[in-house]
Amino acid sequence: MYFWNIEALKKDIVKDRLTEKERFVYVLIYLVLTAVGFEYLQQVDTELENIWDSIEAIANVLIVLIGTYCAYRANGGENGQDFLGRYFSVGFVVSIRFFVYLIPIVILLIIYFVLSFPDSEVIETTPLEVSVLLAWNCCLYANIVRHLKAVKNTPRNITVSA
């Protein structure tokens, strides 16, 4: 694993010496650091941060970590094929499909907040909001894992169903 020596990394890539496990480790570290950075930036300068904001941030990072690891295992782990290509392409399509579900969820949460806190200018994060969004995120990763497992287990001459 290279942390600084880009030339040695490029040489290994060109000579096809990176294993699926090494590629997975790079992806996992990249995604976790991105998730941590994103969650941290959301917390900066927030006066009304409460415990639910912290729970959501930690849980989101864990979901990315565990979900990506489960996806790697569903693809066959060290013996899997083209984890990166499969993970990002399947993840992209599943994410778009799940975004459609997120729209009514957000609308219902907005209605909940308007009805529950009618006089409040600023609304704090609630357990309901956190639970619903974390459940959505878990379902997203569960579907990515399910589809990666289906791709892995489907012979090349068989049609894959939705």
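Where a number appears in this text, it was derived from the coordinates with a stated rule and is not lab data. On a predicted model such as this, the values are computed, not experimentally measured, just so you know. Here Cβ is always computed from backbone atoms with ideal geometry, including for glycine, and neighbour counts include all displayed protein chains.
Tabulated values for the structure
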item	result
Some residue of region 91-113 being surrounded by 12 or more Cβ atoms within 10 Å (Cβ to Cβ) and outside any helix (DSSP H, G or I)	no
Of the criteria (1) surrounded by fewer than 16 Cβ atoms within 10 Å (Cβ to Cβ); (2) in a helix (DSSP H, G or I); (3) not small (Gly, Ala, Ser), which one Ile123 fails	(2)
Some residue of region 131-150 being surrounded by 14 or more Cβ atoms within 10 Å (Cβ to Cβ) and assigned to a loop (DSSP other than H, G, I, E, B)	no
Counted residues, region 51-73 - those being over 14 Å from Tyr141 (Cα atoms) and either over 14 Å from the mean Cα position of the chain (by Cα) or surrounded by 13 or more Cβ atoms within 10 Å (Cβ to Cβ) (or both)	7
Selection count, region 74-90, where residues are part of a helix (DSSP H, G or I) and buried (at least 17 other Cβ atoms within 10 Å of the Cβ)	5
Residue in region 27-41 that is under 30 Å from Val151 (Cβ atoms), out of contact with any Gly (no Cβ under 9 Å at 6 or more places or on another chain) and touching a residue at least 40 places away in the same chain (Cβ under 8 Å) present	yes
